[in-house]
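As structure tokens, the structure follows; a few thoughts come after it.
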Amino acid sequence: AQSVTQPDIHITVSEGASLELRCNYSYGATPYLFWYVQSPGQGLQLLLKYFSGDTLVQGIKGFEAEFKRSQSSFNLRKPSVHWSDAAEYFCAVGVGKTSYDKVIFGPGTSLSVIP
Amino acid sequence: DTAVSQTPKYLVTQMGNDKSIKCEQNLGHDTMYWYKQDSKKFLKIMFSYNNKELIINETVPNRFSPKSPDKAHLNLHINSLELGDSAVYFCASSPFTGGTEAFFGQGTRLTVV
């Protein structure tokens, strides 16, 4: 069965430090992969997506993610975290005939930023 | 201009009541969804509609009935509300083509007391 795991439930980093959020997926075919961010009391905003091509994808707000097929991973990175990055981050996999026939979300990683 | 809008944003109601949540998108998308986010922030798809036709129904109780009067609207009606229905419900939309993402509304926080 398809699934998405995010091993870190909660991460705390200092402002200006680098960040890596981990995501692993289980899916038999070529996945469509997404990272979403949810600020408190808000809806989800897409940070970046991977469908094919270059395995390193750039997103908004200075985020990037790297797809590693051999590790079934799609980790999110940011070189220098800002206090406004504190939020919930969701990794997601699109399954089905089109990328959004159905999307399975991971459990989320809550990011806290120390000023 | 809000792309995907849901109303109401907050909904508090008693057990046994019937309530509806409305969703509208002005993006011209063909596909719309309802997601449920529980207290642990776990997101799970409930329904998806493509051009008013039900595509996905993820084993949601019959008390939940989506209705799509046109492809820009997908409303969620819930009968006989239970305590366990308390959650944040998100509406989303996407073009029904490969390689695209979904756009989410701000969510409706439903509290059943």
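The values are calculated or read from the model by the stated rules, or taken from the named source; none is laboratory data. None of the values given here were measured: they were computed from a predicted structure. Note: ideal-geometry Cβ built from the backbone for every residue, glycine included; neighbour counts use all protein chains shown.
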If only one of B:LYS9, B:LYS52, B:LYS19 is among the basic types (Lys, Arg), touching a residue at least 60 places away in the same chain (Cβ under 8 Å) and surrounded by fewer than 16 Cβ atoms within 10 Å (Cβ to Cβ), which one is it?
B:LYS9
What number of residues within the stretch A:1-28 satisfy the criterion of being in contact (Cβ under 8 Å) with a residue 60 or more places away in the chain and of a type in the set (Gly, Ala, Ser)?
5
May I ask you to verify whether B:ILE45 is within 14 Å of chain A (Cβ to nearest Cβ) and crowded, with 19+ Cβ neighbours inside 10 Å?
yes
Output the number of the condition that B:GLY28 fails; it satisfies all remaining conditions of (1) more than 14 Å from every other protein chain (Cβ to nearest Cβ); (2) surrounded by 15 or more Cβ atoms within 10 Å (Cβ to Cβ).
(2)
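Residue-wise test of (1) in contact with a strand residue (DSSP E or B) (Cβ under 9 Å, 6 or more places away or on another chain); (2) modelled with pLDDT of 90 or more; (3) closer than 23 Å to A:THR5 by Cα; (4) of a type in the set (D, E, K, R).
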site	(1), (2), (3), (4)
B:GLU24	yes, yes, no, yes
B:LYS36	yes, yes, yes, yes
B:ASN51	yes, no, no, no
B:PHE64	yes, yes, no, no
B:LYS71	yes, no, no, yes
B:ASN75	yes, yes, no, no
B:LEU83	yes, yes, no, no
B:SER86	yes, yes, no, no
B:VAL113	yes, yes, no, no
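Let's see how each residue does on (1) under 25 Å from B:ASP30 (Cα atoms); (2) within 11 Å of another protein chain (Cβ to nearest Cβ); (3) part of a loop (DSSP other than H, G, I, E, B):
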residue: A:LEU33; (1), (2), (3): yes, yes, no
residue: A:TYR36; (1), (2), (3): yes, yes, no
residue: A:GLN42; (1), (2), (3): yes, yes, yes
residue: A:LYS61; (1), (2), (3): no, no, no
residue: A:LEU76; (1), (2), (3): no, no, no
residue: A:ALA92; (1), (2), (3): yes, yes, no
Within the set of pairs 6 or more residues apart or between chains, which connect a residue that is modelled with pLDDT under 90 inside the stretch A:36-64 to a residue that is crowded, with 16+ Cβ neighbours inside 10 Å and not in a loop (DSSP other than H, G, I, E, B) with Cβ atoms less than 6 Å apart?
A:GLY43/B:PHE104; A:PHE51/A:TYR32
Name every residue in the stretch A:9-35 that is at pLDDT 95 or above and not aliphatic (A, V, I, L, M), in order of residue number.
A:HIS10, A:THR12, A:SER14, A:GLU15, A:GLY16, A:SER18, A:GLU20, A:ARG22, A:CYS23, A:ASN24, A:TRP35
